[in-house]
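Have a look at the structure below, then the notes.
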Amino acid sequence: MKNAVHFGAGNIGRGFIGKLLADAEVEVTFADVDAPLVDQLSHKQEYKVKVVGTECQIDTVTHVTAVNSASEDVIDRIVKTDLVTTAVGPNVLDIIAKTIATGIAKRFAAGNDKPLNIIACENMVRGTTHLKGEVYKHLDESLHAKADELVGFVDSAVDRIVPPAEAANDDPLEVTVESFSEWIVDEQQFKGEIPDIAGMERTNNLMAFVERKLFTLNTGHCITAYLGCLKGHRTIREAIEDPSIHAEVKQAMQESGEVLIKRYGFDRDMHNAYIEKILGRFANPYLVDEVDRVGRQPIRKLGANDRLVKPLLGTIEYGTENQTLLKGIAAALKYTNDTDPQAVELQNSLKEVGVKKTLATYTGLAEDSAEVAQIETLYNQL
């Protein structure tokens, strides 16, 4: 494989997916709407990535370029490329779907019958399958059968903490990432041969890994943030180094872990080691990640298919312990941030209709359920 078009030249695009592709000697074209960023990338054709774990190293990513994702250039790239990847955020997938559909139609019209694989690398369950539905809305029906044959929409699970750039850094292209990274793809959805990219793991049981990450990393991260906010901590590291928060976050991840062990048969010792690894990642001294950032968009994070309520529903299904998950949800209701529209909306709802009705509206939990009553009690104690 020689070429990839990657939508989203932000920190995750450059620091994670774009870097893994470029390290595998794929020529990456970033597509983004941020004109100054696109200009700098296409001019320099390289950027630095600071990889921080137990120590700190700087890698230079080369043979990359960039185009504006609203331009014809990106469509022409899709005509010829081997792979399309995205890291744009779930809300933007629907916007780029039309561009991808136009690119596929033009590709077929140009007589390019080579397989094309598309992988959305987003924090959402089966994000590429969602993208496929949106792409097909914009793709002429007469082309659907051919697309089914030649275009693979490959779901994936991604995990790497990429904090916002440090304000003091004068290189706008440099990005900091943790040394840990996980990119798992559903090997059953590829068309043609599966590209060999170091750091991209294949599985035929993707949902197990999607939920493992959502129920452990994401659940733990947001509960660390919400409990940290309540105790006045500024960063994730400060919060997780508070012994009482550390104990509760670990307990919440063990509660969600019990669901994973029952649902997918994960080995208990290996899962506990995975939890410990994640607690270590939260305490990474080189990652300055603010609790305010990790807590943002509480309404999305309280959704029935997201990091707090989905594991809770699993504990109800299997009849297992969930006290700390309930406390995490109560803490999410306490999150205030005037610059985040969702936090403002949530607080307004709590003022206007109270805890039970707010939970019923945003989580889908029944207003008269035992869980909602318990969350209300915990909320009043926080």
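Read-outs: derived from the displayed coordinates by stated rules, not from any lab. Because the structure is a prediction, the values reported are computed rather than measured. All Cβ positions, glycine included, derive from the backbone under ideal geometry; neighbour counts span all protein chains shown.
Would you check if there is a residue in region 31-48 being in contact (Cβ under 8 Å) with a residue 60 or more places away in the chain and farther than 18 Å from N11 by Cβ?
No.
In region 309-336, how many residues are within 25 Å of K231 (Cα to Cα), of a type in the set (S, T, N, Q) and crowded, with 19+ Cβ neighbours inside 10 Å?
2
Any idea which residue in region 189-248 is surrounded by the most Cβ atoms within 10 Å (Cβ to Cβ), counting only those that are among the basic types (K, R) and under 24 Å from V84 (Cα atoms)?
Among residues in region 189-248 that are among the basic types (K, R) and under 24 Å from V84 (Cα atoms), the one surrounded by the most Cβ atoms within 10 Å (Cβ to Cβ) is K213.
Among the strands (runs of 3 or more DSSP E) lying completely within region 55-127, list those that include at least 2 residues that are loosely packed, with under 15 Cβ neighbours inside 10 Å and more than 23 Å from the chain's Cα centre (by Cα).
In region 55-127, 56-61 are the strands (runs of 3 or more DSSP E) which contain 2 or more residues that are loosely packed, with under 15 Cβ neighbours inside 10 Å and more than 23 Å from the chain's Cα centre (by Cα).
Could we say that K44 is surrounded by fewer than 21 Cβ atoms within 10 Å (Cβ to Cβ), under 22 Å from A165 (Cβ atoms) and touching a Leu at 6+ places or on another chain (Cβ under 9 Å) here?
Spelling it out, K44 is indeed surrounded by fewer than 21 Cβ atoms within 10 Å (Cβ to Cβ), under 22 Å from A165 (Cβ atoms) and touching a Leu at 6+ places or on another chain (Cβ under 9 Å).
If L313 satisfies every condition in (1) under 26 Å from L365 (Cβ atoms); (2) in contact (Cβ under 8 Å) with a residue 12 or more places away in the chain but one, which is the exception?
In the conditions (1) under 26 Å from L365 (Cβ atoms); (2) in contact (Cβ under 8 Å) with a residue 12 or more places away in the chain, L313 misses (2) alone.
Out of all the residues in region 347-378, which are of a type in the set (A, V, I, L, M, F, W, C) and out of contact with any Asp or Glu (no Cβ under 9 Å at 6 or more places or on another chain)?
L350, V353, A366, A370, V372, A373, I375, L378, listed by residue number.
Of the residues that make up region 345-364, is at least one surrounded by 15 or more Cβ atoms within 10 Å (Cβ to Cβ) and not in a helix (DSSP H, G or I)?
Taking every residue of region 345-364 in turn, none turns out to be surrounded by 15 or more Cβ atoms within 10 Å (Cβ to Cβ) and not in a helix (DSSP H, G or I).
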